[in-house]
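Reading through the structure tokens given below for one structure.
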Amino acid sequence: GIGGRAGFELGFPFFWAPRNDLGVIVTPIYDKNRGFRIAGQVDYLLGEDSGGLIAGTYVNDQTASPQTPYSENRWAFLIEHDQFLPRGWRAKVNVKAISDNAFPNDFDEYGVFRRSLFLRSQAFVFKTFGASGRAGFVGSLNYADELQNPLGLDRDKTLLHRLPDLSARLLPGPMAGFAKLGILPSFDTQYSYFFQRDNPESVDPTAPLGPDLSFLDAGIDPR
């Protein structure tokens, strides 16, 4: 590959399937500007239905300096897992993490996140009940990494994450005792705990604009 931002790079992927339900790809990459980088990916199956993907990369970036908003140790990893559990329960995990906000712009493999305001990670378990599946329960953990500022002014610590977020729901439908009245009962309830990495009590969101203004974010889904 060759590009105006990344320069010239050359990678040689090595594929290994130690078992029928496991595939491994390891790719050493030489980047003319940034040095040597290693990328890896593991695809796996667990049983007949469950499985996932784990991928990551690491580089000791030769372009890093005291003037850049990131250190020389740069990395990224992704985890996607789908697990079928006993009694009709199912769990999914989708985790994304990068070392710095400039990572999607510097490495094409993660360029899909260049227009993302937040890098979202989520884990949740769910189940539907009854023959019609009208009733259901979902429990989730929602965490995000803010990508809007490429400089060292990352606002991650003031984001409000949902750890956890629980909801139960019954979709509208016929129910004994209500059908003759023409009523289709439904039910919906939700509980969210908003978690913050840092206490922003010292930040004044009403402060006038100025060089010392600190921006307090309301969260990944402000209301």
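One Cα centroid belongs to the stretch 79-102, the other to the stretch 13-51; the line between them spans 18 Å. Our coupling estimate for the stretch 59-75, obtained by passing each phi through the Karplus curve with A = 6.51, B = -1.76, C = 1.60 and θ = phi - 60°, is 8, 8, 5, 6, 8, 5, 8, x, 8, 7, x, 8, 7, 6, 8, 10, 7 Hz, Gly and Pro reported as x.
Using 0.36 nm per residue and subtracting the Cα-Cα separation, the extra length available between Ala179 and Glu80 on full extension is 31.3 nm.
Modelled spin-label separation between Lys127 and Asp43, with each label point placed 7 Å from Cα along the Cα-to-Cβ direction: 3.2 nm. Convex hull volume of the C-alpha atoms in the stretch 72-194, normalised per residue: 150 Å³. In a fully extended conformation the segment linking Phe194 and Thr63 would gain 43.4 nm over its present Cα-Cα distance, using 0.36 nm per residue. Calculated FRET efficiency, Ala168 to Val93, Cβ-Cβ distance, R0 = 30 Å: about 0.90 to the nearest 0.05.
Run through the stretch 49-130 and list the trypsin sites (Lys or Arg not before Pro) located in a DSSP loop whose Cβ has at most 16 other Cβ atoms within 10 Å.
Details: sites: Arg74, Arg87, Arg90, Lys92, Lys96, Arg114, Arg115, Arg120, Lys127; in loops: Arg114, Arg115.
Passing sites in the stretch 49-130 are Arg114, Arg115.
Between the amide H of Ala144 and those of Ser121, distances stay under 5 Å, these residues lying 5 or more places away or on another chain, with hydrogens modeled in the peptide plane.
First compute the accessible area of the stretch 50-171 with a 1.4 Å probe, then give the percent of it belonging to carbon and sulfur atoms.
Working: 3860 of 6490 Å².
In the stretch 50-171, the share of accessible area belonging to carbon and sulfur is 59 percent.
Excluding ligands, DNA and RNA, the accessible surface per residue across the stretch 15-172 is 57 Å² with a 1.4 Å probe. Taking θ as phi - 60° and the Karplus parameters 6.51, -1.76 and 1.60, the scalar couplings of the stretch 161-168 work out to 9, 9, 9, x, 10, 10, 8, 10 Hz in sequence order, x denoting glycine and proline. Computed from phi, the 3J(HN,Hα) profile of the stretch 84-95 under the Karplus parametrisation 6.51, -1.76, 1.60 (θ = phi - 60°) reads 8, 10, x, 6, x, 7, 8, 10, 9, 10, 9, 10 Hz, with x in place of Gly and Pro. Database remark: amide H of Asn33 closer than 5 angstrom to the amide H of Phe8 (H placed geometrically; neighbours at sequence offset of 5 or more, or on other chains; Pro and chain starts carry no H).
The values are calculated or read from the model by the stated rules, or taken from the named source; none is laboratory data. Note that this is a predicted model, so its numbers are computed, not measured. Positions of Cβ are generated from backbone atoms using ideal geometry, with glycine treated the same way; all protein chains shown enter the neighbour counts. What goes into the accessible areas is simple: the full protein's heavy atoms, side chains included, and nothing from ligands, DNA or RNA. Shrake-Rupley method; radii C 1.70, N 1.55, O 1.52, S 1.80 Å.
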